[in-house]
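Down below is the structure, laid out as structure tokens.
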Amino acid sequence: MPFESLTFAMLSDPGRVRRRNEDACAGDALHGVFVVCDGVGGAAGGEVASRLAADSYLAHMIEMRRAGVSPEVAVHNGVEYANRLVHRQSSQAAALRGMATTLVALYFEPRSTDAVVPSGVWLANVGDSRCYRLRNNELEQLTLDHSVVEEQVRAGEMTREQADRSPIRNVITRAVGSESKVLADVQRIDVRPGDMYLLASDGLMRELANPQIASILAGAVPDPADGTEDADQPVSNALLIRAVEELIASANRNGGGDNITCLLVETV
């Protein structure tokens, strides 16, 4: 069943320091599937890993949707499928040996015929790319990073402020394709009209604190009183495009030390 109630915008940028963009993103509002990946690996490995994972995850999830597979099973299968393809290509090509990628993805449940928006969304993540939700102008991080510093924070060995400044903050403990098997965190999140979900690579969070992200996203919430309109696309979509552009522009103004990818989904 099409998800007419979902609108999205996505954008990926190499940043101001890196020559390559090893991030990738993909989305399909018709089937309610969205994914962001941040590749790691020498030479072109990171680019290949992230693109392969994002494209294969999206295609597999669309197949699962058409086959009527339950959302929870489909999400686990999708991550495993992407992991298998990335790991296989890494093992077969010497130039790509050791490549891997983070993955964070949303998969909206089929809605009942009398529902305006889906009642829930399944969220999967591997690595340190994140998902946030803006609801009633409050930003909430929905994922936990699979990183060395996050483990130290949870163990009480490091403060959040120390983790944000740590020189090893980009060292992840899980990745798609690094091993033959992967363990993803998978959870179901309730959905309400007006929710906004942000999938982002860590290049965004390195440069922007949560209050800055929240402020930019809040500007994408349609205000019927402001008279905003666009002749070519829905108001909400125009605002989402503007928001992802501003997120990336702000991260670049603050240094742009890594690739930056943002994908925004709104339930309208």
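The values are calculated or read from the model by the stated rules, or taken from the named source; none is laboratory data. Quick caveat: nothing in here was measured; it's all calculated off a predicted structure. All Cβ positions, glycine included, derive from the backbone under ideal geometry; neighbour counts span all protein chains shown. For accessibility, only protein heavy atoms count, side chains too; no ligands or nucleic acids. Shrake-Rupley method; radii C 1.70, N 1.55, O 1.52, S 1.80 Å.
Residue check: is Tyr81 touching a residue at least 24 places away in the same chain (Cβ under 8 Å) and either under 22 Å from Leu6 (Cα atoms) or not in a helix (DSSP H, G or I) (or both)? The answer is no for Tyr81.
Do we find that Ala53 is assigned to a strand (DSSP E or B) and at negative phi in this structure? The answer is no for Ala53. If you go through the range 141-178 and keep only what is open to solvent by 40 Å² or more (accessible area, probe 1.4 Å), polar (S, T, N, Q) and within 20 Å of the chain's Cα centre (by Cα), you end up with Gln141, Asn170, Thr173, Ser178. Filtering the range 97-125 to residues that are buried (at least 22 other Cβ atoms within 10 Å of the Cβ) and polar (S, T, N, Q) leaves Thr101, Thr102, Asn125. Only residues in the range 59-74 that are more than 16 Å from Asp28 (Cα to Cα) count as the first member; pair them with residues that are part of a helix (DSSP H, G or I), Cβ under 8 angstrom, at least 6 apart or cross-chain, and list the lot. These pairs meet every condition: Val69/Asn77; Val73/Met64.
Pull up the range 2-16, narrow it to residues that are modelled with pLDDT of 95 or more and either in contact with a Ser or Thr (Cβ under 7 Å, 6 or more places away or on another chain) or among the hydrophobic types (A, V, I, L, M, F, W, C) (or both), then point me to the one that is least open to solvent (accessible area, probe 1.4 Å). So, considering only residues that are modelled with pLDDT of 95 or more and either in contact with a Ser or Thr (Cβ under 7 Å, 6 or more places away or on another chain) or among the hydrophobic types (A, V, I, L, M, F, W, C) (or both), the one least open to solvent (accessible area, probe 1.4 Å) is Ala9. One residue alone among Val40, Val48 is β-branched (Val, Ile, Thr), modelled with pLDDT of 95 or more, under 20 Å from Val126 (Cα atoms) and open to solvent by 20 Å² or more (accessible area, probe 1.4 Å), and that residue is Val48. Restricting to the range 84-112, give me the number of residues that are in a loop (DSSP other than H, G, I, E, B), without any contact (Cβ under 8 Å) to a residue 12 or more places away in the chain and of a type in the set (S, T, N, Q). Selection size over the range 84-112: 1. Within the range 77-96, restricting attention to residues that are exposed (fewer than 14 other Cβ atoms within 10 Å of the Cβ) and not small (Gly, Ala, Ser), which residue is nearest to Gly32 (Cα to Cα)? Step by step, filter the range 77-96, then rank; the result is Arg88. Can you spot a residue in the range 126-139 that is in contact (Cβ under 8 Å) with a residue 60 or more places away in the chain, polar (S, T, N, Q), buried (at least 24 other Cβ atoms within 10 Å of the Cβ) and within 30 Å of Ser215 (Cβ to Cβ)? Scanning the range 126-139 turns up at least one residue that is in contact (Cβ under 8 Å) with a residue 60 or more places away in the chain, polar (S, T, N, Q), buried (at least 24 other Cβ atoms within 10 Å of the Cβ) and within 30 Å of Ser215 (Cβ to Cβ). When the range 186-224 is filtered for residues that are basic (Lys, Arg) and modelled with pLDDT of 95 or more, only Arg188 remains. Checking each residue in the range 179-191 for being within 19 Å of the chain's Cα centre (by Cα) and open to solvent by 60 Å² or more (accessible area, probe 1.4 Å) picks out Leu183, Gln187, Arg188, Asp190.
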